[in-house]
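In what follows, a single structure is set out as structure tokens and then discussed.
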Amino acid sequence: MKKGKKILALVLSAAMALTLLASCGGDSKTPSGSKTPSGSNPSGGNSSSETGRVYWLNFKPELDETAQELAQTYTQKTGVPVQVITAASGTYQQTLTAEMDKSAPPTLFVIGNTAGVADWGDYAIDLTGTAIANELNTDAYNLYDDAGKLVSIGYCYECYGIIVNPDLVEQAGHKMDEIKDFASLKAVVEDIHARAGELGFDAFTSCDMDDSSSWRFTGHMANLEYFYEQKDDPWTECPATITGAYMDNFKNLYDLCINNSLTAPTDLATGGHDAAQEFKDGKAAFTVQGSWEYAGYAEAVPNATMIPYYCGVAGEEKAGLNCGTENCWAVNANVSEADQKATIDFMVWLVSDPDASAKMVEQLGILPYKNAVESSNGFLADAAEYTANGCYVMPWVTNYQPNVDEYRRGLVAALNQYNADQSAGNWENVRTAFVDGWAVQYQNVNG
């Protein structure tokens, strides 16, 4: 699958046109503290000197170690204090709300969709014409408010799908080029699972439904239903209702994962299984994850590759990967000008310094900045190859999920019930959580 770095630009240009960075509304709430959001004249006097300070509230747990290292390096080089706090998976909005109400709030934070713009846009400076905005090589991932203010800018580009260990597939007597659609994927997966004892490995890694893992299914895999539902008439804003027309296709892939896995469906609710380590240790041939895991996966499985979410949709032999981002930086308008400048200087260094940007790219894949080092992320190269071969990109329509945390909690509850007893009635409860739950959460946000 790997064709080299030069084709990465192809998927980037395709995703510019297709990626949908919109949402109906998250569960984030405007902080209730006494500070009033400021515009171009911030009054927060939180800097101890004219050099300013940087407080980066990091959105991505997998970036934490690298971010901490880079912060320390930058402070050693410049004397500017840089603090990095990483929110636990699934808790970013709660953490942001709490931290923004403190006397020394984050200077750098994430506004990743239009719901975030509505909730937090007043807390962000206009990045138009700033040094960091001038480093961008595309505006495909920029988010603006209704007045045209540049609220946040993308800092990485990602893809997700089904990650495969080709060596294990071949050990099981199959070849990667057999897998072209859901029927062929199903044949390979079910054969491996049936012979797991003989082979010494299973088909899929564990599909846990705890907070550290459920988003792979209620966020990422759910995207296939939303994408195909709007494929012929793309959504330009969050719909008040969805039809669930492709729920059977979601069920196809979801069932394939949970019923051909290292862990029985009845044991998924409480979690406790490390799917990433299972894949790295060669205990399973397939897992569902994203390009942000490439560095860790490739170290253990050098020729790991990514294939699309095959699910039984007509014409899916021309499907590509799910491509987009929800990682967009914003600079706090409610801190001092010295802190804002220090933060922007730090951002520029992250995406333009050869060593710093190399570390960022290694963890994140592609940085959409003209002076960042080139990516060697193999999963992004896979995405590029699909695009080069005329396959369609599946943009992140999942970003439209209304009141996202509450909506996904409903999906998890229904899926856990189904995992425990895969009856038709329990699947109907999953369909209700998807479809009726969408309408309920849309109403909760929009009235």
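The values are calculated or read from the model by the stated rules, or taken from the named source; none is laboratory data. Note that the coordinates shown come from a computational prediction; the quantities given were computed from them, not determined experimentally. Cβ coordinates were reconstructed from backbone atoms using ideal geometry, including for glycine residues, and neighbour counts include every protein chain displayed.
For every residue, the table says whether it meets (1) within 21 Å of the chain's Cα centre (by Cα); (2) β-branched (V, I, T); (3) on the phi > 0 side of the Ramachandran plot; (4) buried (at least 19 other Cβ atoms within 10 Å of the Cβ).
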position	(1), (2), (3), (4)
S352	no, no, no, no
D355	no, no, no, no
A358	yes, no, no, no
A414	no, no, no, yes
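Is it the case that some residue within the range 195-212 is assigned to a helix (DSSP H, G or I), out of contact with any His (no Cβ under 8 Å at 6 or more places or on another chain) and under 15 Å from V430 (Cβ atoms)?
There is no residue in the range 195-212 that is assigned to a helix (DSSP H, G or I), out of contact with any His (no Cβ under 8 Å at 6 or more places or on another chain) and under 15 Å from V430 (Cβ atoms).
Which one is farthest from the chain's Cα centre (by Cα), of the residues in the range 256-275 that are surrounded by 20 or more Cβ atoms within 10 Å (Cβ to Cβ) and part of a helix (DSSP H, G or I)? Checking each candidate, the answer is P265. When the residues of the range 151-181 are filtered to those that are among the acidic types (D, E) and free of Cβ contacts under 8 Å to residues at least 60 places away in the same chain, the one that is nearest to C311 (Cα to Cα) is E178. Looking only at the range 186-214, residues that are among the hydrophobic types (A, V, I, L, M, F, W, C) and out of contact with any helix residue (DSSP H, G or I) (no Cβ under 7 Å at 6 or more places or on another chain) come to 3 in all. Of all residues assigned to the range 250-273, at least one qualifies as being under 30 Å from T114 (Cα atoms) and either outside the structural domain of N303 (by TED's automatic domain parsing) or out of contact with any Phe, Trp or Tyr (no Cβ under 7 Å at 6 or more places or on another chain) (or both).
Residue-by-condition table, conditions (1) modelled with pLDDT under 95; (2) in contact with a strand residue (DSSP E or B) (Cβ under 7 Å, 6 or more places away or on another chain); (3) over 24 Å from S89 (Cα atoms); (4) surrounded by fewer than 18 Cβ atoms within 10 Å (Cβ to Cβ):
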site	(1), (2), (3), (4)
R216	no, yes, no, no
Y226	no, no, no, no
E229	no, no, yes, no
E237	yes, no, yes, yes
M247	no, no, yes, no
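Scanning the range 178-197 for residues that are over 21 Å from E278 (Cβ atoms) and of a type in the set (D, E), we see that the one that is surrounded by the most Cβ atoms within 10 Å (Cβ to Cβ) is D181. Annotation note: of G200, G271, the sole residue that is small (G, A, S), at pLDDT below 95 and farther than 26 Å from N389 by Cα is G271. Being charged (D, E, K, R), modelled with pLDDT of 95 or more and buried (at least 22 other Cβ atoms within 10 Å of the Cβ) is true for just one of D345, D339. Which residue is that? So the residue among D345, D339 that is charged (D, E, K, R), modelled with pLDDT of 95 or more and buried (at least 22 other Cβ atoms within 10 Å of the Cβ) is D339.
Scanning the range 379-392 for residues that are at pLDDT 90 or above and surrounded by 23 or more Cβ atoms within 10 Å (Cβ to Cβ) gives F379, L380, A381, D382, A383, Y386.
Return a yes/no flag: does the range 179-187 have any residue that is touching a Gly at 6+ places or on another chain (Cβ under 8 Å), part of a loop (DSSP other than H, G, I, E, B) and within 18 Å of E316 (Cα to Cα).
yes
In this structure, A333 does satisfy being small (G, A, S), in contact with a strand residue (DSSP E or B) (Cβ under 6 Å, 6 or more places away or on another chain) and in the same structural domain as L150 (by TED's automatic domain parsing). Counting the residues of the range 291-324 that are at pLDDT below 95 and either of a type in the set (A, V, I, L, M, F, W, C) or closer than 23 Å to Y246 by Cα (or both) gives 5. Any residue at all in the range 67-75 that is surrounded by fewer than 19 Cβ atoms within 10 Å (Cβ to Cβ) and within 17 Å of N334 (Cβ to Cβ)? No, that holds for no residue. Screening S376 on (1) surrounded by fewer than 24 Cβ atoms within 10 Å (Cβ to Cβ); (2) at pLDDT 95 or above shows it passes everything except condition (2). Residues in the range 286-314 that are surrounded by fewer than 18 Cβ atoms within 10 Å (Cβ to Cβ) and within 10 Å of G378 (Cβ to Cβ): A298, P302, N303. With respect to the conditions (1) crowded, with 19+ Cβ neighbours inside 10 Å; (2) at pLDDT below 90, G52 lacks only one, and its number is (2).
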